[in-house]
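The values are calculated or read from the model by the stated rules, or taken from the named source; none is laboratory data. Fair warning: this is a prediction, and the values are worked out from it, not measured in the lab. All Cβ positions, glycine included, derive from the backbone under ideal geometry; neighbour counts span all protein chains shown.
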Protein chains: 2
Amino acid sequence: MAAAPTGPPSPAKGRPRSAAADRAILDATRAALAELGWGGLTMGHVAERAGVAKTTLYRRWPSRNELVVDAVADLFEDLEIVDLGSLQADIEAVVQRFAALLSRPETQAALLALFAEGTRDPLLRRRIREAIVDPQKELVRCGRARAQERGELPPDADEAAAREEVDLIFDTIAGTVEHRILVSGESVGEAWIHRFTTLLLAPLSGLSAGRPAQRP
Amino acid sequence: MAAAPTGPPSPAKGRPRSAAADRAILDATRAALAELGWGGLTMGHVAERAGVAKTTLYRRWPSRNELVVDAVADLFEDLEIVDLGSLQADIEAVVQRFAALLSRPETQAALLALFAEGTRDPLLRRRIREAIVDPQKELVRCGRARAQERGELPPDADEAAAREEVDLIFDTIAGTVEHRILVSGESVGEAWIHRFTTLLLAPLSGLSAGRPAQRP
DNA sequence: CATATACGCTACGGCTCGTAGCGTAAAGAG
DNA sequence: CTCTTTACGCTACGAGCCGTAGCGTATATG
């Protein structure tokens, strides 16, 4: 789902759309976002920077929101969880990467502005979640399944409950990373990576009883 | 710090600024924000809705960001921690209120858009933090001090560490509330209020050793 | 070749921004 | 009461961006 979200890319008839233009536009969008911020991002700027006519932009994306969603989602595209041999290491790698992406100013400005718009647009919220948040959760579940195969983790007693637990915890992580970076202006360092990883591992490995947390 | 952030309000010379206009403008800003969203918020709309000339807006606030910061901060103004007799109840009340405020669509759209702009503006970040986040933390510290007076909590061994712990935990809460509402589209229910409260209480009462968390 | 689509370019109406100018309203100083 | 000072409402303005339309050209298929 890199670009051209609407309809078939080209039904093999007439001049095909330039893939280079797609890439140039997405790159230009991210660059303009990092340089000018959301408020300073204009379709004219993006078009000029990409070396493309403004009309070409509108031919592909109906609105600025759609364009930015694709531009940011493009960053999260090549995802895979490497097998580092232990659940701890695998999960930590995912969190590390997620935090790194959320630490980029361009990602921050884009996501927050999109969330702000998403307040009034449920479909936009859904697109953001599907393109960016869900894949990260899937990575964690993947690493978890692998740990179960290794015997490092007992098999799930309740599959649905386990999924929900990952959802909850991951929301905590993502939210905290954003908030930490944006409100306090501090980046997410190694200490926090460990903290988040631990937060993820505690319920997964059935250690949540060790916490005084009480969830009805 | 309700309005007119720049300079003295009126050096008792000439016609004084209308306090009613201030209130009308802030109210109109919040209303327009809730109705039209950040993208649809224009100075003209706010002025018209407030029954005020556009020039009056610019006389008080240099930019839209400043205006919205004040409009939202105004929501968090009348803060006080009521003594409910137990630390658990006091803290829970603070979290409850904070979550409720963050659950309002107008607050969400405003804060997120402000954070997005804050990505490029450290001063804006600072203003947001001082006006909105810090007071909430202060409330928690207040309730904590009261609990110590009651003997419910032992006195601090390390004052600075205790402050930092509140910072960290509260960032987690605030970030999670935002994320939960905006990404997953779910509100923060009673279960989460309890979860957050527990998260706050655990380190405060020295129970953090019970968690498997390891913070270097 | 004809056909069909994409592209770049130019131009347009509409909207918003932030400012300037002007006459009027509301306070204090003499 | 008069003078001064500041706030207010109103109008108008240049600038910038939006999103669209029209047109000629470029690049694919048959």
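Examine the range B:45-60 for a residue that is within 16 Å of DNA strand D (Cβ to nearest atom) and closer than 17 Å to B:ARG104 by Cβ, and state whether such a residue exists.
no
Among the residues of the range B:98-133 satisfying the criterion of being among the basic types (Lys, Arg) and facing chain A (nearest Cβ under 9 Å), which is surrounded by the fewest Cβ atoms within 10 Å (Cβ to Cβ)?
From the range B:98-133, those among the basic types (Lys, Arg) are B:104, B:120, B:125-127, B:129; that's our starting set.
So of that shortlist, the ones also facing chain A (nearest Cβ under 9 Å) come out as B:120, B:125-126, B:129.
Details: B:ARG120: 19, B:ARG125: 20, B:ARG126: 14, B:ARG129: 17.
Result: B:ARG126.
Do the conditions hold for B:ALA213, that is, is it small (Gly, Ala, Ser), modelled with pLDDT of 70 or more and farther than 15 Å from B:PHE98 by Cα?
Values: small (Gly, Ala, Ser): yes; modelled with pLDDT of 70 or more: no; farther than 15 Å from B:PHE98 by Cα: yes.
No.
Being at pLDDT below 95 and within 11 Å of DNA strand D (Cβ to nearest atom) is the filter here; which residues of the range B:24-39 pass it?
Once the filter is applied, which keeps residues that are at pLDDT below 95 and within 11 Å of DNA strand D (Cβ to nearest atom), the range B:24-39 yields only B:GLY39.
Can you pull out every residue in the range A:57-67 that is polar (S, T, N, Q) and surrounded by 17 or more Cβ atoms within 10 Å (Cβ to Cβ)? Give the derivation first.
Going residue by residue through the range A:57-67, those that are polar (S, T, N, Q) are A:63, A:65.
Matches in the range A:57-67: A:ASN65 only.
Does the range A:31-49 include one or more residues that are more than 15 Å from DNA strand C (Cβ to nearest atom) and surrounded by fewer than 15 Cβ atoms within 10 Å (Cβ to Cβ)?
yes
Considering every residue within the range A:70-89, establish whether at least one is at pLDDT 80 or above, within 16 Å of DNA strand D (Cβ to nearest atom) and part of a helix (DSSP H, G or I).
yes
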